[in-house]
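Structure first, commentary second.
What follows draws every value from the coordinates through simple rules; no lab data is involved. Only a predicted model underlies this, so the values are computations on that prediction, with no experimental measurement involved. Here the Cβ is made from the backbone with ideal geometry for all residues, glycine too, and neighbour counts use every protein chain on show.
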Amino acid sequence: MAGQLIQVATETVTSAVASVTLTGIDSDDVYMLAVSGIVSSASINGDLRVTTSGTADTSANYDYAMKGLRNDGGAFTNFSNTNQTTFTTAFAWSLFTTAGMTGNGIAYLYNFNNASEYSFISHEGVNSWQNGILGMQGGGVHTVAQACDGIQFSPSSGTISSGTFTLYKVV
């Protein structure tokens, strides 16, 4: 049956870590990363990197764009950047250390196993935020044709205090 999710890897953070790396991408299928309950030790943006052989690629080959959707009456916000060392993600954007603020979301990973193509990501998130609820949608491309076996999430500063990260294969 089409449209099934097969769990590939999961990690639940219960004490401070600098990053979470999930590997196991080994086919040309689409993969999905689900994250919930991200809490950080510092005010952060959440960043993603592709991994090769389980190691995060820190090269300046990440291009991304996002749209921020706010419920506090503020204007929608656009973000974009090229030649960065990470994708900034929708599911942990502008999290602060205020009690009750968490990041949640889903990212779809395309062409990760294909060594002849760039890897693409689309993502969406909803965060409890300092002024209410912040929804974000975006996407990006890693502009290197290489096979990638996973994804790493890390905060732009501080550590991840808690959260659940699960990688699925979509079949």
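Given points 7 Å out from each Cα along the Cα-Cβ axis, report the SER156 to ALA60 separation in nanometres with one decimal.
1.7 nm
Kindly state, to the nearest 0.05, the FRET efficiency for ALA145 paired with ASN71, given R0 = 35 Å and r defined as their beta-carbon distance.
Working: r = 40 Å, r/R0 = 1.14.
The computed FRET efficiency comes out at 0.30.
Dipole size in debye (nearest 20) for the chain around its Cα centre, Lys and Arg Cβ +1, Asp and Glu Cβ -1?
Around 400 debye, computed over the chain.
Of TYR31, TYR64, how do they rank once you tally other Cβ atoms within 10 Å and put the fewest first? It would help to have the intermediate numbers written out before the result.
Working: TYR31 26, TYR64 23.
Ascending Cβ contact count within 10 Å gives the list TYR64, TYR31.
In nm, to one decimal, how far is the modelled label at PHE120 from the one at THR52, with both set 7 Å along Cα→Cβ?
2.1 nm
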